Every structure is written in C-alpha cells, then in structure tokens.
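The values are calculated or read from the model by the stated rules, or taken from the named source; none is laboratory data. Keep in mind that what you see is a predicted model, and the values were worked out from it rather than measured. With ideal geometry, Cβ positions are generated from the backbone for all residues, glycine too; neighbour counts draw on all protein chains shown.
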Amino acid sequence: MVAISSERLTAAEYIRFLARTDLGSQYPRERFEERIPRLLQNASISLSARNEEGLLVGVLLGLTDYAYWLYVTDLGVDRAYERRGIGRALMEKALELAGGEKDIAVYLIANENAVPFYEKLGMRQATEVMKYDHVDWTSFTVGTESGNK
C-alpha cells in the first residue's frame with residue numbers, strides 16, 4: 001500500500017530518490033545541488049508517494065496557475081515500485097489539485113522511454129510548444145560516482 005500526500009521534500013531525500021529512478025538523469029550537472037532546493041521550494045504542487053515504512057517511492061512536482069494549466073516538471077517512481085499505478089495516481093491527484101480535468105491542460109517534457117506511459121494516460125505529443133534554452137547542460141546521472149560532484 002502506498003500513500004500519496006502533498007508535502008515539501010528535503011533536497012537530501014529527493015536526491016536519494018532520484019538515484020532510484022529514471023529521473024536521475026534529467027538534470028544538468030551545473031549547480032545541481034544548489035538548484036534542487038529551489039525546485040523543491042517553488043513547485044506549486046509537490047506530491048509524494050510513500051510505502052508503509054515511509055520510504056519515498058514516487059514524486060510529482062508541478063507548476064500551475066490553478067485556472068488553466070499545469071506543467072509537470074518531475075514525475076517519477078522508484079524502479080522497484082514501477083507498474084503499480086503510482087505514477088497514474090500522482091498525475092490524477094495533481095490534476096485534481098490544480099483544478100480538475102475540465103479546466104486544466106497538462107504539459108510536460110517526456111523522456112522518450114516514458115512516452116508510452118503518458119499516452120496510456122490519454123496524453124498526446126504537442127507540436128505548438130516553444131522553448132528558449134541557453135542553459136549549460138552537462139549530462140550526468142544522480143547516484144553515480146561521477147554524478148555526486
């Protein structure tokens with residue numbers, strides 16, 4: 001059994017979680033440990049899924065105006081807990097908190113391996129999204145020797 005709730009995570013706990021998920025390779029190395037606390041503090045929606053022992057097994061972070069849109073920045077599930085409906089439950093709860101499916105459009109950037117999951121949720125790939133990106137981006141994976149500074 002997994003419990004989903006709204007909570008602000010600590011950077012240390014989130015970084016440990018990232019190492020157990022495919023989200024651990026979505027961030028650039030540049031100022032990683034400085035930027036993660038800002039992400040966690042400023043997300044409009046911060047949901048956690050925890051097992052019976054309190055272990056963090058799922059996370060959804062999102063930005064919303066609570067009127068028209070929700071941008072999901074992070075949606076991840078611990079690899080040992082995948083395919084149990086946790087990701088779907090997190091997305092449904094976030095959509096409910098943001099204002100409901102009749103009012104809120106959901107946007108996100110999906111890793112190519114996650115596209116089938118999002119398609120099962122009824123999402124489709126968009127062509128009208130624009131981006132402005134001048135960010136230094138050195139790839140790494142959280143939890144690997146090279147990823148911890």
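Could you figure out which of (1) closer than 27 Å to residue 135 by Cα; (2) outside any helix (DSSP H, G or I) isn't true of residue 4?
That leaves (1) as the condition not met.
Mind listing just one residue for me: the one in the stretch 20-44 that is surrounded by 18 or more Cβ atoms within 10 Å (Cβ to Cβ) and part of a loop (DSSP other than H, G, I, E, B) and, of those, farthest from the chain's Cα centre (by Cα)?
By that ranking, first place goes to 20.
Listed here are the residues, each with its yes/no results for (1) closer than 22 Å to residue 110 by Cβ; (2) in contact with a helix residue (DSSP H, G or I) (Cβ under 7 Å, 6 or more places away or on another chain); (3) hydroxyl-bearing (Ser, Thr, Tyr); (4) at pLDDT 95 or above.
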{"position": "26", "(1), (2), (3), (4)": "yes, no, no, no"}
{"position": "43", "(1), (2), (3), (4)": "yes, no, no, yes"}
{"position": "51", "(1), (2), (3), (4)": "no, no, no, yes"}
{"position": "66", "(1), (2), (3), (4)": "no, yes, yes, yes"}
{"position": "91", "(1), (2), (3), (4)": "yes, no, no, yes"}
